[in-house]
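> I'd like to ask you about the structure that follows.
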Amino acid sequence: MNIPTFINSLIAAGNRYATQKYLDHYQSNAVLDDPSVGRKFSGHKGIKDYFVSYFIGYETQTEIIKLVVYDETHAHLEVAFTGTFPEGNIRGIFDFTFRDGKIAFVKADLLH
């Protein structure tokens, strides 16, 4: 698995609001933990709810700032978000755990 290519594909799908393409990057039982919204989202249904609410709902566009690949199963991503949310522009992070070529777990958070 080429993690930089995978992450670029994930972000591109998100920026196009291509919900199914976005979900295809996740294991069917993946967990997305986002303390900034105070919730964990489980499986494709939960992650779809997160994506629709916080990305499509706020017309969020994501720009990659920095990607650090620790090994074949872990990476850290720093991003800049723009959209119709109150801040208008804010930075965030994603800490990924990959399994079998997809995201198994991700912790997402905003940087204040």
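Taken together, the values in this text are just the output of simple stated rules run on the coordinates, not laboratory data. Keep in mind the model is a prediction, meaning the values are calculated, not measured. When we count neighbours, we look across all protein chains shown, and the Cβ atoms used for this are built from the backbone with ideal geometry, even at glycine.
> Out of all the residues in the stretch 1-56, which are more than 21 Å from Ala80 (Cα to Cα) and of a type in the set (Phe, Trp, Tyr)?
Correct list: Tyr26, Phe41.
Table: residues versus (1) of a type in the set (A, V, I, L, M, F, W, C); (2) touching a residue at least 12 places away in the same chain (Cβ under 8 Å).
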{"position": "Arg16", "(1), (2)": "no, no"}
{"position": "Thr19", "(1), (2)": "no, yes"}
{"position": "Asp34", "(1), (2)": "no, yes"}
{"position": "Phe41", "(1), (2)": "yes, no"}
{"position": "Lys48", "(1), (2)": "no, yes"}
{"position": "Phe51", "(1), (2)": "yes, yes"}
{"position": "Thr62", "(1), (2)": "no, yes"}
{"position": "Leu67", "(1), (2)": "yes, yes"}
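> Out of the residues in the stretch 52-88 that are in contact with an Asp or Glu (Cβ under 9 Å, 6 or more places away or on another chain) and aliphatic (A, V, I, L, M), which is nearest to Ala30 (Cα to Cα)?
Ala75
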